[in-house]
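First up is the structure itself, then whatever we jot down about it.
The values are calculated or read from the model by the stated rules, or taken from the named source; none is laboratory data. Predicted, not measured: the structure shown is a model, and the values here were computed from it. Note that each Cβ is placed from the backbone with ideal geometry, even for glycine, and that neighbours are counted across all protein chains shown. Each accessible area value is taken on the protein alone, full model and side chains, heavy atoms only, with ligands, DNA and RNA left out. Shrake-Rupley method; radii C 1.70, N 1.55, O 1.52, S 1.80 Å.
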Amino acid sequence: MITDAASAPGPAELSALTEPTEFLDYEHPDVQDFLAHSGIDPSTPPAEQAVRLYYAVRDGIHYEVYGTGLSREALRASSVARAGQGFCLHKSVLYAAAVRAVGVPSRLVYADVRNHLASERLKRMVGGEVFHHGLVSVHLGGRWLRVTPVFNALLCRLYGMTPLEFDGTASSTYHPYDADGDDGKRMEFLRDYGAYDDLPYELLMERMRVRHPGMFAGGDTVVGTGSLADEAPGLPAADGSGPDGSGPGGTSGPGGASEGDGASVVGRIPGPRGPRPVA
């Protein structure tokens, strides 16, 4: 584990941080397929490619917690690309792998944050508003930038918040609370655990189990079904009730689809790839 501020990597170290690893397995066909669908142009500068991949991960990989795998296999970039969904740990792994594939050095960063983009059900499951959070550090323009390709644009819109942008020149970490992004309130970082050259699986799972034991009742798969998007404020609940849990059951769910249709907001999120199960 290292900190960005203490790190002044030389050419050899930077080169090593573009190599594939167990979890940043960008040579896998599923990651290569994701890259091919991301619209990157190898002739463009590295910062432009990093920005393009940021939006490909942010909006092309659905943010989902319920039913998401936390096994070693599920947390590999290839599995995330194949599944087409995941939460911060998964999306950060895929982004770190993707930028390495185009020659941009990257590391994985972990922190405890106070997360405002969460439903009441999710907060009950994780034990409050403090989440163990994953993001990415990329080396561009001679310095390290921290980047958060996590909360997709549609999910932010459903929760009344502004998506976090990245332009390749400044860090993108403090997610705004409101739709206008101008009230000064942003995601609060409570503890920084530094940056890692690859996903520290055993250490990460130890932290997750200590902080969020309620997530692990399903073994190495997060408990619960449904979608965080379907629990957004103002939307009908999956059982047809209102956002406060009132109302008759069995009525239409989001978008007028009944629960039995299997339709949901997340199922209608546009993206280059639809969700597929992790093998």
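One line per residue, one yes/no per condition, for (1) touching a Phe, Trp or Tyr at 6+ places or on another chain (Cβ under 6 Å); (2) part of a helix (DSSP H, G or I); (3) under 19 Å from residue 22 (Cα atoms); (4) modelled with pLDDT of 95 or more:
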residue: 47; (1), (2), (3), (4): no, yes, no, yes
residue: 52; (1), (2), (3), (4): no, yes, no, yes
residue: 57; (1), (2), (3), (4): yes, yes, no, yes
residue: 71; (1), (2), (3), (4): no, no, yes, yes
residue: 78; (1), (2), (3), (4): no, yes, yes, yes
residue: 82; (1), (2), (3), (4): no, yes, yes, yes
Query raised in the report: Which of the residues belonging to the range 215-229 are of a type in the set (Gly, Ala, Ser) and either exposed (fewer than 13 other Cβ atoms within 10 Å of the Cβ) or closer than 17 Å to residue 88 by Cβ (or both)?
Result: 217, 219, 224, 227, 229
Report summary line: Across (1) farther than 15 Å from residue 171 by Cβ; (2) open to solvent by 10 Å² or more (accessible area, probe 1.4 Å); (3) in contact with a helix residue (DSSP H, G or I) (Cβ under 8 Å, 6 or more places away or on another chain); (4) not polar (S, T, N, Q), residue 141 clears everything bar (1)
Query raised in the report: Any idea which of (1) crowded, with 22+ Cβ neighbours inside 10 Å; (2) more than 13 Å from the chain's Cα centre (by Cα); (3) small (Gly, Ala, Ser) is the one residue 103 doesn't satisfy?
Result: (1)
Query raised in the report: Any residue in the range 120-134 that is under 16 Å from residue 173 (Cβ atoms) and of a type in the set (Lys, Arg)?
Result: no
Report summary line: Taking the range 108-121 and keeping residues more than 15 Å from the chain's Cα centre (by Cα) and modelled with pLDDT of 90 or more leaves 121
